[in-house]
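Enquirer: Mind having a look at this structure? Questions to follow.
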Amino acid sequence: MNAYADRRERVTSESLLPISNNLYEYGRVTDRATVHRWVAGYELAWRTSGTNGLSALFTADATYLHSPYEEPVVGIHAIRKMWDDDRDGPDEVFTLSTEIVAVEGDTAVVRAEVQNGEPIRQEYRDLWLIRFDANGRCARFEEWPYWPGHPYSAHDDTGAASTESE
């Protein structure tokens, strides 16, 4: 049995949610354990056929941004469609490595590194800004992807960094 199949058996949507509201009693909206379970659920959902599991991860009116300046995908139905459009299917070969960078109030920041294919045909690093509701579901998901060989700042036609002095 491969590592991904083993993870599917150990991590189920039932073991991820619902997340207790007890965190509110202590003045904390979310914590690292909650974020860890959510990220594991996200990967599991990506590796699972269909999109039914997304309702356990995202609120009905959640907002999903592929990058900060992209048009947001709004609502669970639109997120399901985007999910199906963006992936090759549940058997898509990829590795996802994540690290929780910060948790503050209802928001978490996660660093992700994705490698697609075997052999690797595409890779990128990503920062996820995740805002949670009281039940531990994502109300807003925003990605900040960085691709190898792509500039990380805006440039004008000459290649010099643009300024706002004009």
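Enquirer: How big is the convex hull of the Cα atoms of segment 26-95, per residue, in Å³?
Expert: In segment 26-95, the Cα hull volume divided by residue count equals 120 Å³.
Enquirer: What is the sum of charges, Lys and Arg at +1 and Asp and Glu at -1, for the other residues whose Cβ falls under 14 Å from the Cβ of residue 137?
Expert: Cβ neighbours under 14 Å give a net charge of 0.
Enquirer: Can you give the local net charge around residue 100? Use residues other than it whose beta-carbon is closer than 9 angstrom to its beta-carbon, Lys and Arg +1, Asp and Glu -1.
Expert: With Lys, Arg at +1 and Asp, Glu at -1, the neighbours total +1.
Enquirer: For segment 34-156, what class follows from the C-alpha gyration tensor (a ≥ b ≥ c being the square roots of its eigenvalues): rounded when a/c is under 1.5, otherwise prolate if a/b is larger than b/c, else oblate?
Expert: rounded
Enquirer: Using R₀ = 45 Å, calculate the FRET efficiency as 1/(1 + (r/R₀)^6) where r is the Cβ-Cβ separation of residue 91 and residue 31; round to 0.05.
Expert: The computed FRET efficiency comes out at 0.85.
Enquirer: Could you calculate the contour length gain from residue 71 to residue 135, that is, 0.36 nm times the residue separation minus the distance between their Cα atoms, to one decimal place in nm?
Expert: Contour length minus Cα-Cα distance gives 20.4 nm.
Enquirer: Count charges around residue 55 for me, please; just the other residues with Cβ under 13 Å from its Cβ, Lys/Arg as +1, Asp/Glu as -1.
Expert: Result for the neighbourhood of residue 55: 0.
Rule-based calculations on the coordinates, nothing more; no lab input. Computed from a prediction, not measured in an experiment: that's the story for all the values here. Glycine gets a Cβ as well: all are built from the backbone with ideal geometry, and neighbour counts include every protein chain shown.
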